[in-house]
Amino acid sequence: MFKRIAKELKEHAPFTALGAATGIVIMVIIVLGNISSGVSHTLFYTLHPIHVVLSALATTAMYMRYGRGKIWVAILIGWTGSIGIATISDAIIPYLGGTLLHVPMGFEVPFIETAEMPVIGIEKWKVVNSAALIGIAIGYWKQVSRIPHFGHVLLSTWASLFYFTAFGIASWIPLLPFIFLFLFLAVWVPCCTSDIVYPLLFVREVPE
């Protein structure tokens, strides 16, 4: 298992770094364009549920491909693997990163937030948890994970970036090297863990 983890982290490091670089470009555009935090808030709550769908899909598909367990086990693994790790990646790590940089940060846990979503007006927790169930259903019946995983990495990067600009107030340009580091870490370990490592913990024979 440890060899598999090391292999996956090594293979995904370059793509994750590229994703973090796109996040930095977006942040520069936000700062130079003087784009309001409300726009970032809307984009975060657009990308985070999509990220949850892809994460649940990939996690459930990986488990079903190698585990072939009962449906309730697949649902539990898909939900915890997507909701839990996507929350860490998109919200908790950016919050902790901003706090370490002494940036005033708001704290949100999307899957339990009762406030209404921007634009559509549905409570946030309903949208996020429904997104997980949609991903689980797709992953259960269609065991595909490779393409969704790549999309998962990019979406997670952007969701983490928009958390910074939606809930934090700072002069971001001097902090860009640190933001790059936090974006990289927010995606690199959590996404590989969610899509690959976590579901394989529940199968008897781990593929090499």
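Here is how the numbers come out for the structure above:
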| quantity | calculated |
| --- | --- |
| Lone qualifier among 87, 59 - being surrounded by 15 or more Cβ atoms within 10 Å (Cβ to Cβ), at pLDDT below 90 and assigned to a helix (DSSP H, G or I) | 59 |
| Count - residues of the range 27-56 that are hydrophobic (A, V, I, L, M, F, W, C) and either at pLDDT 95 or above or farther than 12 Å from residue 132 by Cβ (or both) | 11 |
| Tally, over the range 17-40, of residues that are closer than 15 Å to residue 153 by Cα, buried (at least 18 other Cβ atoms within 10 Å of the Cβ) and not hydrophobic (A, V, I, L, M, F, W, C) | 2 |
| The range 112-129: number of residues that are touching a residue at least 40 places away in the same chain (Cβ under 8 Å) and assigned to a helix (DSSP H, G or I) | 4 |
| Which numbered condition residue 13 misses (of (1) more than 20 Å from residue 135 (Cβ to Cβ); (2) of a type outside the set (Val, Ile, Thr); (3) surrounded by 15 or more Cβ atoms within 10 Å (Cβ to Cβ)) | (3) |
| Enumeration of residues in the range 48-62 that are touching an Asp or Glu at 6+ places or on another chain (Cβ under 8 Å) and not small (Gly, Ala, Ser) | 48, 51, 59, 62 |
| The range 96-108 residues that are surrounded by fewer than 17 Cβ atoms within 10 Å (Cβ to Cβ), paired with ones that are of a type in the set (Val, Ile, Thr) and outside any helix (DSSP H, G or I) (beta carbon under 7 Å, 6 or more apart) | 104/169 |
| Test set (1) over 16 Å from the mean Cα position of the chain (by Cα); (2) assigned to a loop (DSSP other than H, G, I, E, B) - residue 64 fails condition number | (2) |
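The values are calculated or read from the model by the stated rules, or taken from the named source; none is laboratory data. A quick note: this is a predicted structure, and the numbers were derived from the prediction, not measured. Every residue, glycine as well, gets a Cβ built from its backbone with ideal geometry; the counts of neighbours run over all protein chains shown.
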